[in-house]
Amino acid sequence: AYDPARRLARLQVSLERAAVNARMLYEILDTVPHQRDRPDATELKLGEATVELRDVRFAYGNGEEILKGVSFRAEGGKTTALVGPSGAGKSTIISLIPRFYDPHAGEILIDGQNIAGVTKQSLRNGLAYVSQQPYLFEGSIRDNIRYGRPEATDAEVEEAARLAYAHDFILAQPQGYDTPVGEQGITLSGGQRQRLSIARAL
Ligand SMILES: Nc1ncnc2c1ncn2[C@@H]1O[C@H](COP(=O)(O)OP(=O)(O)OP(=O)(O)O)[C@@H](O)[C@H]1O
Ligand SMILES: [Mg+2]
């Protein structure tokens, strides 16, 4: 009986540790977001997807103002590149579009609709975002691409990978789509990580 009893005692410790982790998870899940939907929020109606910034001002917290009246128009159906020195605020501008932050003044319009007045769900459904530091989760390449839409079939995962020009280098990995990535997995180049992140967004 000694060994089972010892295992039971150890189980108590791991249960308590798991309970603490679960509590931390729920604290995050229960956090009320700063950018709540307005009570009268409408669904974003996407057409050409023209994005327009009008005199946008923004600062992180109480820090110095980073965006001091930014205005531009990115026409739908065209590619727009934002170019500027490091630290100028390009990533900051992009993070305002999915409403990770809200501008302090000015407005952002998509197809003429102010994004402050649409539901975040409909806004983010219409966006694909690939960050400057793409994050890969523990798991296979396939898991990482499917993360964006868990119900996607293997064929759809592969299609997304082809569109992101990731298919060929994935097949070159030791176990193809089943190759583990993340902290325990293989090391990928920055560009390869970005391609997986693009496939995930697709
Ligand atoms: N989360 C944050 N909190 C506080 N300050 C931030 C935060 N993110 C960026 N900044 C600051 O805002 C400014 C603009 O940063 P941003 O990341 O938008 O620049 P960037 O134009 O994308 O630069 P890069 O070309 O290097 O990617 C910088 O001074 C930066 O230090
Ligand atoms: Mg940047």
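The values are calculated or read from the model by the stated rules, or taken from the named source; none is laboratory data. Here the structure is a predicted model, which means the values were calculated and not measured. Glycine also receives a Cβ, built like all others from the backbone with ideal geometry; neighbour counts cover every protein chain displayed. The accessibility values were calculated without ligands, DNA or RNA, using every heavy atom of the protein model including side chains. Shrake-Rupley method; radii C 1.70, N 1.55, O 1.52, S 1.80 Å.
Within the range 124-173, the residues that satisfy the criterion of being in a loop (DSSP other than H, G, I, E, B), open to solvent by 30 Å² or more (accessible area, probe 1.4 Å) and of a type in the set (A, V, I, L, M) are Leu127, Ala128, Val130, Ala172.
Here Thr31 clears all of (1) open to solvent by less than 80 Å² (accessible area, probe 1.4 Å); (2) at pLDDT below 90; (3) not in a helix (DSSP H, G or I) except the condition numbered (1).
Of all the criteria given as (1) in contact with a strand residue (DSSP E or B) (Cβ under 7 Å, 6 or more places away or on another chain); (2) part of a loop (DSSP other than H, G, I, E, B); (3) within 26 Å of Arg57 (Cβ to Cβ), the one not satisfied by Pro98 is (1). Put simply, of Leu53, Leu96, Leu44 the only residue that is within 18 Å of Gly126 (Cα to Cα), hydrophobic (A, V, I, L, M, F, W, C), at pLDDT 95 or above and within 16 Å of ligand 2 (Cβ to nearest atom) is Leu96. From the residues in the range 34-81 that are open to solvent by 100 Å² or more (accessible area, probe 1.4 Å), assigned by TED's automatic domain parsing to the domain that holds Gly112 and free of Cβ contacts under 8 Å to residues at least 12 places away in the same chain, which one is farthest from Ile94 (Cα to Cα)? Restricting to residues being open to solvent by 100 Å² or more (accessible area, probe 1.4 Å), assigned by TED's automatic domain parsing to the domain that holds Gly112 and free of Cβ contacts under 8 Å to residues at least 12 places away in the same chain, the top hit is Asn62. Filtered by the rule that a residue be open to solvent by 30 Å² or more (accessible area, probe 1.4 Å) and either outside the structural domain of Ser86 (by TED's automatic domain parsing) or more than 18 Å from the chain's Cα centre (by Cα) (or both), the range 102-123 gives Pro103, His104, Ala105, Gly106, Glu107, Asp111, Gly112, Gln113, Asn114, Ala116.
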